Every structure is written in C-alpha cells, then in structure tokens.
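Peer 1: Mind having a look at this structure? Questions to follow.
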Amino acid sequence: MESTKRLAALRERMRREKLGAFASLHLPNLRYLTGFTGSAGLLLVQAEEAHFYTDGRYREQARLEVRGAQVHITGNAGLYAAAAHRLGRVRRIGVEAPNLTLAAASALGGKEWKNRLLPTTGWIEQQRARKTPDEIARLRRAAQLASGIWPRLLKEIQPGKSERAVAARIEFELRRAGGDGCSFEPIVAAGARGALPHARASAQALRRGDLVVLDYGVWREGYASDMTRTVAVGRASARAREVYRAVLEAQLAAIAAVRPGVPAPAVDAAARRVLRKHKLLRYFVHSTGHGVGLEIHENPRLGQWTRRDQPPPVLETGNVITIEPGVYLPGWGGVRIEDMVHVTDGGAEILTPTPKELLEL
Ligand code: ZN
Ligand code: ZN
C-alpha cells in the first residue's frame, strides 16, 4: 500500500524528467520504497514495472518483505549485471549519485554509461522527509523507548565511573527495553572532553564538577531516535550553569521557531541569535539539527544556508527533526541539549519527553 504510493510519486518525477528507468541502491531508500530490510539489493523502477535484485542470502526474506516490485535472485554476476541486462537499450536512467561508485555505474550503464546515466540527488530522500502517521508513530515509540531508560542511566553517573561504562549501560538498557540496538555509537563526554562534539566514550573517569554530554538513540521498527542531555556530576559551577542556561534558551528559541512553511535556516538562526546575545556563538560549531527517520541524519538539514543556486529547505507538516544547539569551550567542556521534534500544523510536538533542567547528580 505505502509502497504503491511511494513508487507512484517516484514515477511521477521520472515522467517529468523523461527518465526511462530509475535505479536505487541506497538501503534506506530500498526499505522505504519496497519494505526490504536486508543489506544488499537494487531496485529498478520503470514506468509500468519494477524489479528488485538481491542475492541468494535474501531469497526468502525478499519474498516476504518486498512489495511493489518483482523479486530476482542474482547469481555470481551480481546485482548490476542483472539490472543492466534488464535495461537493454534504455536511455536516461536515473541513478543516486551519492551512492553509486564509478565501478557500479559502468557495470549498470555499460560502455555508454556516461551518456545513459543521469545523476540525481535526494529524490527519494525528499519524499522521506515528510513522514506518514505510521512513521510518526514509530519515531514517537523509538523516542519514548530511549527516554524511558534515562532514569536508569542517571544512577550510572557517579564520580569514578568511566565514560565507557556509561556508554555500555546505554547500549544494554536500550536493548533490554526492546530496542534493536543503538542508532549511532553513544556519545558520553565528560569534563573537557565535552568540548569535542562527537567524542567517543573513553576510559576517562567522571569527576565531581564535570559536565557530561550524553547523546544516544535507538533503532525501533526501522526508525531511529536521537536525544542529548547534559548533566553535572555533583554541583555545577556558576559558569556551567550560565552556559547551560544559554544553550537551553537557544534550544527553546529554535523549537519556538518551528512551524510549517518556515525555512530551515530560520530555525538555525533563532538558536544562533540567543547564543550571540550570550557571547557564545563562536563556540557553536555545528548546525542546529537534522531530519531523522530511516536514517539517523536525513532531510531536512537545519543549518546556515550558503548556497545561492538553490533555495533552502522549508519545514513541512510531517517532518521529524532534531533541535540540538551546543556550546563547546576548548579545555573546559561542552553543553548540548537535543530533542526530536515533529512538525505539526500547529507548530512543534516534542517527541523526547526527558526533562531539561540541569541535573546535579
Ligand atoms: Zn544526537
Ligand atoms: Zn542529532
């Protein structure tokens, strides 16, 4: 059912762009278009038919999962050769440029591949940015599962515990609560290490007075969650409270700016305005947020917009995004606060219910 609608939207675009076929091999897109959850496949969509290629390992799984396309099991020649055979002399074949290697391009398009293949970017990702009610429900359940383990994690935040021990607890609790594992490697960054926005959990022990940045998420029913909280081990210093308050103010301002029709960079700008006021803007070194769904980072991106050749993305009802401003002071530490937000007709619905006042543990 979903498959039919999603393929119809792709075919509509293919007609507009006068494509004879479209080849997709990005796994999240395959899952979105056909339901296939395996690790290797290629979907060839034409005006009247669609063919899905995978290898022998997925014979049974493809039969059970794939909707909207005829399943073919390829032999040793591989997915591209099988699809190339079907393509015959078809010209103007849309391909996903970010996911297609040169080797795959020539296997798919033959000697004339440069003339036959039309590089595209983000066609299916754009569709994916606007979630259906079923997808929203899955994302909400993923976010709730991850928020649900938070009280148990707090017990782990004690002086002497290592960042790694906390990360291990996150992974364990997410699995135990029914998740399909972490949607990315958990970030646990204490003290000065908090100034590295993407620090890996290390052997470093938590110390009294540290701020600890915890950023983690779970896979559930195919969808990812993503949330960050920053807590203090023992009492937070005056400076830590000040920075925390500024980041929280920026995060709330960005959430308040979320509604359909607003350009994504305007939401980013709302966070930046607050951090500028607190003279912390130059320590905010990433963008304000990103879409989340079948991938942990997807459209729309909420950052500063510097391209002149394209308009920025505009928020739409059904987007699910993160809002995650942060401040990273070298040698001192960092604060980031991240929620998942569903863009609704009325504005924003926060999907991550975990409280945001500064906890001193
Ligand atoms: Zn995150
Ligand atoms: Zn994020």
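The values are calculated or read from the model by the stated rules, or taken from the named source; none is laboratory data. Please read all numbers here as calculations on a predicted model, not as lab measurements. When we count neighbours, we look across all protein chains shown, and the Cβ atoms used for this are built from the backbone with ideal geometry, even at glycine.
Peer 1: Residues being small (Gly, Ala, Ser) and surrounded by 20 or more Cβ atoms within 10 Å (Cβ to Cβ): count how many of those fall in segment 149-189.
Peer 2: Matching residues across segment 149-189 total 4.
Peer 1: Which fully enclosed strands (runs of 3 or more DSSP E) of segment 48-137 have 2 or more residues being over 19 Å from residue 12 (Cα atoms)?
Peer 2: Here the list reads 50-55, 70-74.
Okay, residues lined up against (1) in contact with a helix residue (DSSP H, G or I) (Cβ under 7 Å, 6 or more places away or on another chain); (2) closer than 22 Å to residue 298 by Cβ; (3) not assigned by TED's automatic domain parsing to the domain that holds residue 115:
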| position | (1), (2), (3) |
| --- | --- |
| 41 | yes, yes, no |
| 50 | yes, no, no |
| 56 | no, no, no |
| 70 | no, no, no |
| 77 | no, no, no |
| 80 | yes, no, no |
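Peer 1: A follow-up question, please. For segment 286-315, which positions are within 28 Å of residue 180 (Cβ to Cβ) and in a loop (DSSP other than H, G, I, E, B)?
Peer 2: Matches in segment 286-315: 286, 287, 288, 292, 293, 294, 295, 296, 297.
Peer 1: Sort out which residues of segment 217-238 are part of a loop (DSSP other than H, G, I, E, B) and within 14 Å of ligand 2 (Cβ to nearest atom), and write them in order of number.
Peer 2: Correct list: 217, 225, 226.
Peer 1: In this structure, is residue 165 modelled with pLDDT of 95 or more and farther than 26 Å from residue 293 by Cα?
Peer 2: yes
Peer 1: Residues being part of a helix (DSSP H, G or I) and surrounded by fewer than 24 Cβ atoms within 10 Å (Cβ to Cβ): count how many of those fall in segment 190-216.
Peer 2: Summing the residues that are part of a helix (DSSP H, G or I) and surrounded by fewer than 24 Cβ atoms within 10 Å (Cβ to Cβ) in segment 190-216 gives 4.
Peer 1: Let me ask another. Would you mention how many residues in segment 257-271 are touching a residue at least 40 places away in the same chain (Cβ under 8 Å) and either out of contact with any Lys or Arg (no Cβ under 9 Å at 6 or more places or on another chain) or farther than 26 Å from residue 121 by Cα (or both)?
Peer 2: 9
Peer 1: Another question, then. Please count how many residues of segment 41-62 are touching a strand residue (DSSP E or B) at 6+ places or on another chain (Cβ under 6 Å) and surrounded by fewer than 17 Cβ atoms within 10 Å (Cβ to Cβ).
Peer 2: Of the residues in segment 41-62, 2 are touching a strand residue (DSSP E or B) at 6+ places or on another chain (Cβ under 6 Å) and surrounded by fewer than 17 Cβ atoms within 10 Å (Cβ to Cβ).
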